[in-house]
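The block underneath contains the structure these notes are about, expressed in structure tokens.
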Amino acid sequence: MKRSPRDTEESGRRITRRALVLGGAQAVFATALALRMRHLQVTQADEFRMLAEENRINIRLIPPARGLIYDRAGHIVSENEQNYRIVVVREDAGDPEEALARLTRLVPLDQDTIERALKEIERHSPFVPVTIADRMRWEDVARVAVNAPVLPGISPEVGQSRHYPLGFDFAHVVGYVGPVSDYDLAQIEDPDPLLQIPRFQIGKTGVEAKYEELLRGKAGTRRIEVNAAGRVIREIDRIEGEPGADLQLTVDAGLQNFIQARMGEESAAAVVMDLEQGDLLAIVSSPSFDPNLFVRGISVADYRALTETPYRPLSNKSVQGAYPPGSTFKMITALAALEDGAITADETVWCPGFLKLGTRRFHCWKRGGHGHVNLMESLQQSCDVYYYDIGQRIGIDKIAAMARKLGLGEAQDLPLSAVGAGLVPDRAWKRARYGEEWRIGDTLNAAIGQGYVLATPLQMAVMSARIATGRAIEPRLVKSIDGVEQPARPGEPLDINPANLARIRQAMDAVVNTRRGTAFNSRVVAAEMAMAGKTGTSQVRNITAAERAAGVFRNEDLPWERRDHALFVAFAPAEAPRIAVAVVVEHGGGGSTAAAPIARDITLRALYGEVPPLSAYPERQRWQVDEKLRNLPLRDPGSAPSSGRSRA
């Protein structure tokens, strides 16, 4: 049917309107799309560029080289060694168990290693590289690198690990490092991001722990490009961190090794102090342990072996061990009495072998007594009754004040773990501690270094140093930091009459160098190296009246843990002192037989700077000394196995 012109015109108008509407809609859409594209390409270009970069570029921390530790002569005692390890990034690796299963087809991994790695992967962010295994062989690392395409997220790395080339000799001084634990992180208010790196090592004990922040250094960063599978393509750039500071200790590695060898398997401690600067030339605790065992995490078997022995190798006895000082304390009681004017140097006290107080007898070590003794003779022969008598005259508070003046009763400021304060008791202390009043019997016991009195070998060395110099000398352990010398602590003159100190020094000379002296058998015959000292024997058990009546058991007839401690303090040379020495042998018996011979060998080694010549010993003892010294397992610290001194 033919359409009319009017219908045709109307139809055309409708089509035109629809075309205009559709065209307008298309124009609006195109304009909106163009504006959106402009917004994305121009306004948000930087943001999307950054997102794209993050998809293929990772930023990782670079652990800094830990600072090195040297002895006073420059021998390295704590260093870094190259360490090949394998790490995994969970975000790139996918299922951790499956990833580790693939890895075990290439390198041998025991079940403990796998379980520990899985725990660490679970604990940390998916983007943090977690160490699966370290100290790997080069062959295993190379095998992983070659097979990288089938090990997404797993890659080999070269890092650093701590190593102690002198091992046992410095274990208690330098300490050791170990992996960061949850406990370590909990103790730090704002932990360094470095500490979040799995198995990152920090100082756990000793100098390593006390100087942790200085030794650790500052982290660096590196940007790496990775592909879609997480494989590292290339390193884009690197900003190196700041290596840790190097420390130089005051300790002489050769002397330290000599003392460790001389003590052997004894449960003992020794300290040697330089009297000019206060430097600690040696600070030894025996038996020791290998700190390298702790670097990667010690095994249960090794740890049990260290903790289940009564000799306590993990304890630093030189600063932690608190012992009754015994007769080495008598110089303090004597000085307190001289300063008080309660006695004169020539005044004598009668010793019948005991002092009676009420119904109780306080015995002298010599059952028959010493007869009349003056100050010099009382120290020379170590008469207990003499000190019971003068202790009653001056009282505990004056004795305690003198003890503190000579360095007892306070923890020395040293970068070592658990430095002990010992104990100097007085009336106020007993009232606060036990709610009881001080008794005269307490004073008598304290006057001979027994009862409540406790001191560390370090404190005994400080006491001897102050008597020898007349100064409030303080021990120093760190000589320099990054080459900057640290302040020495020679001390100001003590508020003690120099004449009284001279009398005590003369008496200590007599202890060693006169026939009636308790340490005469440990004398030095080389006049220029002559030693002055004082023996001490501290009881660890009560001797009953029945035992005294039947005869006191000899130490060698008792179980080891019930024997007396043996002590000896000294300074040398007697005429012009350069060093002070303190030795404690746990349950060693008598100070004259167990501690004094060790102290003599230590003193001569420190003064001569090498194994002492036989000419310094009494002629009759030389063959025994020669046999003992020749069989010591000594080593030259300069020839100790080392993995390099580089901080890089």
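The values are calculated or read from the model by the stated rules, or taken from the named source; none is laboratory data. Please read all numbers here as calculations on a predicted model, not as lab measurements. Cβ placement follows ideal geometry from the backbone for every residue including glycine, while neighbour counts extend to all protein chains displayed.
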May I ask you to list the residues in the range 168-208 that are at pLDDT 95 or above, in a helix (DSSP H, G or I) and small (Gly, Ala, Ser)? Ala171, Gly206
Could you say whether any residue in the range 493-516 is in the same structural domain as Gly470 (by TED's automatic domain parsing), polar (S, T, N, Q) and under 36 Å from the mean Cα position of the chain (by Cα)? no
Residue that is nearest to the chain's Cα centre (by Cα), among those in the range 340-352 that are of a type outside the set (S, T, N, Q) and surrounded by fewer than 17 Cβ atoms within 10 Å (Cβ to Cβ): Asp340
For the range 399-411, what are the residues that are surrounded by 20 or more Cβ atoms within 10 Å (Cβ to Cβ) and out of contact with any strand residue (DSSP E or B) (no Cβ under 8 Å at 6 or more places or on another chain)? Ile399, Ala400, Met402, Ala403, Leu406, Gly407
Show the residue pairs that are 6+ apart or on different chains and have beta-carbon atoms under 6 Å apart, the first residue being within the range 106-134 and assigned by TED's automatic domain parsing to the domain that holds Val150 and within 16 Å of Asp95 (Cβ to Cβ), the second being modelled with pLDDT of 80 or more and not in a helix (DSSP H, G or I). Val130/Val88; Ile132/Ile86; Ile132/Val88
Subset of the range 299-318, residues assigned to a loop (DSSP other than H, G, I, E, B) and without any contact (Cβ under 8 Å) to a residue 24 or more places away in the chain, comes to Ser299, Glu308, Thr309
Within the range 375-394, residues crowded, with 18+ Cβ neighbours inside 10 Å and in contact with a Ser or Thr (Cβ under 7 Å, 6 or more places away or on another chain) come out as Gln380, Gln381, Ser382, Tyr386, Tyr387, Ile390, Gly391
Anything in the range 478-502 that is at negative phi and assigned to a loop (DSSP other than H, G, I, E, B)? List them, or say none. Gln486, Pro487, Ala488, Arg489, Pro490, Glu492, Leu494, Asp495, Ile496, Asn497
Would you mind stating whether His372 is surrounded by fewer than 15 Cβ atoms within 10 Å (Cβ to Cβ), over 25 Å from Ala421 (Cα atoms) and not assigned by TED's automatic domain parsing to the domain that holds Arg476? yes
So, of the residues in the range 392-427 that are part of a helix (DSSP H, G or I) and of a type in the set (D, E, K, R), which turns out to be farthest from the chain's Cα centre (by Cα)? Arg393
Here are some conditions: (1) farther than 23 Å from Val272 by Cβ; (2) of a type in the set (A, V, I, L, M); (3) surrounded by fewer than 24 Cβ atoms within 10 Å (Cβ to Cβ). Ile448 meets all but one. Which one does it not meet? (3)
Take the conditions in the same structural domain as Arg515 (by TED's automatic domain parsing) and surrounded by fewer than 20 Cβ atoms within 10 Å (Cβ to Cβ) and apply them to Arg471. Does it pass? yes
Which fully enclosed strands (runs of 3 or more DSSP E) of the range 55-137 have 1 or more residues being over 30 Å from Phe170 (Cβ atoms) and of a type in the set (S, T, N, Q)? 57-62
When Arg600 is run through (1) assigned to a helix (DSSP H, G or I); (2) more than 23 Å from Ser327 (Cβ to Cβ), the failure sits at (2)
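Could you tell me whether any residue of the range 350-357 is among the aliphatic types (A, V, I, L, M), assigned to a loop (DSSP other than H, G, I, E, B), outside the structural domain of Gly590 (by TED's automatic domain parsing) and touching a strand residue (DSSP E or B) at 6+ places or on another chain (Cβ under 9 Å)?
Within the range 350-357, not a single residue is among the aliphatic types (A, V, I, L, M), assigned to a loop (DSSP other than H, G, I, E, B), outside the structural domain of Gly590 (by TED's automatic domain parsing) and touching a strand residue (DSSP E or B) at 6+ places or on another chain (Cβ under 9 Å).
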List, please: which pairs have Cβ atoms under 7 Å, are six or more places apart or on different chains, and start with a residue in the range 139-159 that is under 25 Å from Glu81 (Cβ atoms) and end with one that is in a helix (DSSP H, G or I)? Ile154/Ala93; Ile154/Ala99; Ile154/Leu103; Ile154/Val144; Ser155/Ala148; Pro156/Val141; Pro156/Val144; Pro156/Ala145
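Yes/no matrix, rows are residues, columns are (1) in contact with a Pro (Cβ under 9 Å, 6 or more places away or on another chain); (2) within 23 Å of Thr537 (Cα to Cα):
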| site | (1), (2) |
| --- | --- |
| Trp438 | yes, no |
| Met463 | yes, yes |
| Thr469 | yes, no |
| Ile473 | yes, no |
| Leu477 | yes, no |
| Gly483 | no, no |
| Asn500 | no, no |
| Met508 | no, yes |
Of the residues in the range 134-166, those that are crowded, with 19+ Cβ neighbours inside 10 Å, modelled with pLDDT of 80 or more and small (Gly, Ala, Ser) come to Ser161
Here the residues within the range 235-292 that are at pLDDT below 95 and part of a strand (DSSP E or B) are Glu235, Ile236, Asp237, Arg238, Ile239, Glu242
Could you give every pair whose Cβ atoms fall below 6 Å, whose first residue belongs to the range 622-638 and is loosely packed, with under 15 Cβ neighbours inside 10 Å, and whose second residue is modelled with pLDDT under 95 and assigned to a helix (DSSP H, G or I), counting only separations of at least 6 or pairs across chains? none
I need the full set of residues from the range 209-234 which are at pLDDT below 80 and either among the charged types (D, E, K, R) or in a loop (DSSP other than H, G, I, E, B) (or both), in order please. Ala219, Arg222, Arg223, Glu225, Asn227, Ala228, Ala229, Gly230, Arg231, Arg234
